1. Can you confirm whether Leu317 is assigned to a helix (DSSP H, G or I) and either free of Cβ contacts under 8 Å to residues at least 40 places away in the same chain or more than 17 Å from Pro16 (Cβ to Cβ) (or both)?
2. Looking at (1) part of a helix (DSSP H, G or I); (2) surrounded by fewer than 21 Cβ atoms within 10 Å (Cβ to Cβ); (3) out of contact with any Lys or Arg (no Cβ under 9 Å at 6 or more places or on another chain), which is the only condition Ile69 fails?
3. Looking only at the stretch 167-174, decide whether some residue is outside the structural domain of Leu340 (by TED's automatic domain parsing), at positive phi and not polar (S, T, N, Q).
4. Looking at the stretch 260-305, which of its residues are more than 19 Å from Asp193 (Cα to Cα) and acidic (Asp, Glu)?
5. When the residues of the stretch 154-207 are narrowed to those that are part of a loop (DSSP other than H, G, I, E, B) and of a type in the set (Lys, Arg), which ends up surrounded by the most Cβ atoms within 10 Å (Cβ to Cβ)?
6. I'd like the residue in the stretch 273-310 that is of a type in the set (D, E, K, R) and not in a strand (DSSP E or B) and, out of all such residues, is farthest from Leu340 (Cα to Cα).
7. Six or more apart or on different chains, Cβ atoms under 6 Å: show the pairs whose first residue is in the stretch 321-340 and in the same structural domain as Leu206 (by TED's automatic domain parsing) and whose second is of a type in the set (A, V, I, L, M, F, W, C) and surrounded by 14 or more Cβ atoms within 10 Å (Cβ to Cβ).
8. Given the criterion touching a strand residue (DSSP E or B) at 6+ places or on another chain (Cβ under 9 Å) and buried (at least 18 other Cβ atoms within 10 Å of the Cβ), identify the matching residue among Leu306, Leu317.
Amino acid sequence: MEVGIQETEHYEGVFPVIQLFDQPGYTITLFVDAKIEKNLRDLLAEKADRYRWIVKEKQESTFSFCRRINRAIQEHQITLLYLNTVSKHHIAYAWLLGQQPLLKSILTVHDVNCLFKDKPGVSLRSWIRYWGKKLLTKRAGAFNTVSDTVVPYLSVQAGDRAVYSIPGAVHQPRNNTSPYSTALRLVIPGTIDEKRRDYTQVFQLLDKSKAYAVVLLGGGNAEYAKDIWNTCKLHYAEQTEWFEEQEVRQAVFDAALDRAHFIWIPSVVNTKICGDIPEVYGLTKSSGNIFDIIKHGKPFLYPESLVIPAALKPAGLQYANMDALLQKLQALDSKAYAQLDAAAKIAAGQYSIELIRQRFPAVFGTGLSPG
């Protein structure tokens with residue numbers, strides 16, 4: 001089966017998709033830009049040359065790139081196109097699908113309302129974006145969300161088309177259990193962004209206790225990130241670790257999570273990231289931190305308003321406020337932490353490559369239709 005996989009924004013999100021499709025009976029063509037290609041080649045190492053690479057040039061328009069994708073589909077007789085991230089230039093990808101009416105396609109939806117509930121403004125650009133989204137969602141053969149908690153909401157928008165929940169990470173066992181200590185290491189992965197994570201929770205916890213070390217494991221290039229880093233320097237330098245750069249290197253990122261006692265998700269659950277369109281983490285939008293939990297098999301902390309996949313709940317500590325979180329952390333001992341860590345490994349193990357393939361035979365069963 002000839003499969004094409006598109007991604008021009010999130011190499012860490014497309015890497016597990018490649019792993020899932022990389023099996024006997026499949027030939028994979030990757031449609032990526034130069035930055036994604038570089039990062040993927042680093043991750044894939046010697047396996048990189050087993051794939052075809054169609055790389056978007058630096059100054060190339062998305063329409064030009066889609067025309068080259070269209071030619072590759074015809075030349076290599078690609079039967080399934082997996083669009084992993086389309087956050088802009090929707091009309092170009094809608095045109096592409098319109099050129100291939102017999103092509104099976106799966107569109108991963110990261111923000112459901114942003115894609116399906118957009119409204120045009122007064123500008124021509126906003127109308128083009130609006131109609132691009134309309135056409136793309138009309139022409140997509142099936143949809144995917146990287147979190148199963150989003151499936152019910154996305155299914156309503158998808159109508160009679162298939163909706164999958166192929167996750168944004170796969171678990172491969174790692175020797176990364178952190179020895180219990182009363183000085184727990186709490187790691188918050190992700191770009192420093194006020195629309196995604198509430199860092200006031202972090203500082204509230206640190207004000208209540210000096211017992212914990214917090215790692216802000218993400219880069220940033222906005223004033224908000226600089227303000228957070230400055231707050232850490234001025235008031236919490238002994239308790240926090242941070243990275244004053246635009247992006248944390250993958251090796252550094254993975255090493256920090258492997259040393260973590262907990263992955264902390266201080267989500268801004270009700271947010272607006274796509275203009276003025278509301279999204280709800282866990283219901284209409286998935287948190288990337290869920291995939292860090294899956295990949296690294298770590299216990300985690302999360303606010304009670306955030307909907308979490310049922311399979312992961314045994315590994316999590318839910319909290320209503322910082323006092324409640326502090327009480328739960330203080331109640332831990334080595335035995336209780338070991339139980340949580342073991343539960344995290346078991347929960348993450350449900351997202352192995354083999355089990356995910358088994359759950360979605362219509363996608364990963366050789367020669368079968370995706371929907």
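1. Taking the combined requirement at face value, the residue does not satisfy it.
2. Only one criterion in (1) part of a helix (DSSP H, G or I); (2) surrounded by fewer than 21 Cβ atoms within 10 Å (Cβ to Cβ); (3) out of contact with any Lys or Arg (no Cβ under 9 Å at 6 or more places or on another chain) is unmet by Ile69, namely (2).
3. There is no residue in the stretch 167-174 that is outside the structural domain of Leu340 (by TED's automatic domain parsing), at positive phi and not polar (S, T, N, Q).
4. Glu304
5. Arg196
6. Out of the qualifying residues, it is Asp276.
7. Pairs that qualify, where the first residue is in the same structural domain as Leu206 (by TED's automatic domain parsing) and the partner is of a type in the set (A, V, I, L, M, F, W, C) and surrounded by 14 or more Cβ atoms within 10 Å (Cβ to Cβ), are Met322/Leu205; Lys328/Leu317.
8. Leu306
The values are calculated or read from the model by the stated rules, or taken from the named source; none is laboratory data. None of these values were measured; they are calculated from a predicted model. FYI the Cβ positions are ideal-geometry reconstructions off the backbone, even for glycines, and counts take in every protein chain you see.
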